[in-house]
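Worksheet: the structure to be examined is printed underneath.
A short reminder: the numbers here are calculations on the coordinates, not readings from a lab. Since we're looking at a predicted model, the values are computed, not measured. A quick note on method: Cβ atoms are made from the backbone with ideal geometry, for glycine too, and the neighbour counts reach across all protein chains shown.
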Amino acid sequence: MLELVFATNNTHKLEEVQAIVGNAFVIKSLNDIDCQDDIPETGVTFQENAQQKTDYLVNKYGLYCFGDDSGLEIDALNGEPGVYSARYSGSRDMEKNIDLVLEKLGNNPNRSARFKTVISLYLNEQQHFFEGSIEGKISADRRGVDGFGYDPIFIPNGYDKTFAEMTAKEKNSISHRAIAVGKLAAYLKTK
């Protein structure tokens, strides 16, 4: 069975990815390979950041791996927080990040936004990229207790509840990460 290292220790991301790929592949975390390094994310695009993660693991460990970078893009904020989603407020405190988004948006009627994910896969000496995005809007306040990150304020198009109000199964069937991971899994099944 193919083993891949996912360049993350975020248990929420690991659970989402494992739920999407099922038992078809063994997904290991950075902890599983005893990597405690703070892998750089200095790119200006999601693709650059995702590739930095896989390049780092390939160069240091020589393992088949994949990394992702995801973020929220809000039209009224000129695409912010974008690649800075995890540290938008200057820290990795998601409550502060959400507060800053809601404060900057204020009463702006343009609430359109999207979540994006880019996955970089290193396999058989080749780099591949898989993208996923989902359109939606930003709610006026936090709603729901599930999920993570900006989930409490993101309402996907066609729904009247935030990602944080959805079950993991509901979210995983439509999320940006689910779309990108679905493309990754479909590719891996050809290998």
Exercise. Does anyone have the angle between helix 46-61 and the longest principal axis of the chain? Alpha-carbon axes, 0 to 90°, nearest 10?
Worked result: 30
Exercise. Distance in nm between label sites at residue 15 and residue 168, each 7 Å beyond Cα in the beta-carbon direction?
Worked result: 0.4
Problem set entry | Listed residues 117, 11, 162, most fluctuating in the chain (Gaussian network, C-alpha, under 10 Å) | 11
Seminar exercise, completed: The alpha-carbon center of the range 1-64 and that of the range 148-191 are separated, in whole Å, by 18
Exercise. For the chain, what does -39500 (n - 2.57) per DSSP helix run (n ≥ 4), summed and divided by total residues, give at 222 nm, in deg cm²/dmol to the nearest 500?
Worked result: -9500 deg cm²/dmol
Seminar exercise, completed: Semi-axes in Å, largest first, for the range 80-179 (Cα gyration tensor, √(5λ)) are 25, 17, 12
For this session: Could you tell me how many degrees, from 0 to 90 and to the nearest 10, lie between the Cα long axis of helix 11-21 and the main elongation axis, the longest principal axis, of the Cα atoms of the chain?
Result: 70
Exercise. Normalized C-alpha radius of gyration of the range 1-110, against 2.2 N^0.38 Å?
Worked result: 1.23
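Given a cut-off of under 8 Å on Cα pairs at least six residues apart, what relative contact order in percent is computed for the range 3-188?
After rounding, I find 19 percent.
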For this session: May I ask for the Rg/Rh ratio of the chain, computed from Cα atoms with Rh as the Kirkwood radius, given to two decimals?
Result: 0.97
Problem set entry | By average C-beta atoms within 10 angstrom, highest first, the peptides 95-104, 64-73 | 64-73, 95-104
Exercise. Once you charge only the Cβ atoms, +1 for Lys and Arg and -1 for Asp and Glu, what is the size of the charge dipole of the range 86-191 about its Cα centre, to the nearest 20 debye?
Worked result: 260
Seminar exercise, completed: Projected area averaged over all directions for the convex hull of the alpha carbon atoms of the range 119-168, nm², comes out at 4.5
Problem set entry | Highest-fluctuation residue, 13, 60, 116 considered, GNM on the chain with Cα pairs under 10 Å | 60
Seminar exercise, completed: For the range 3-188, the dipole about the Cα centre with charges only on Cβ (Lys and Arg +1, Asp and Glu -1), to the nearest 20 debye, works out at 360
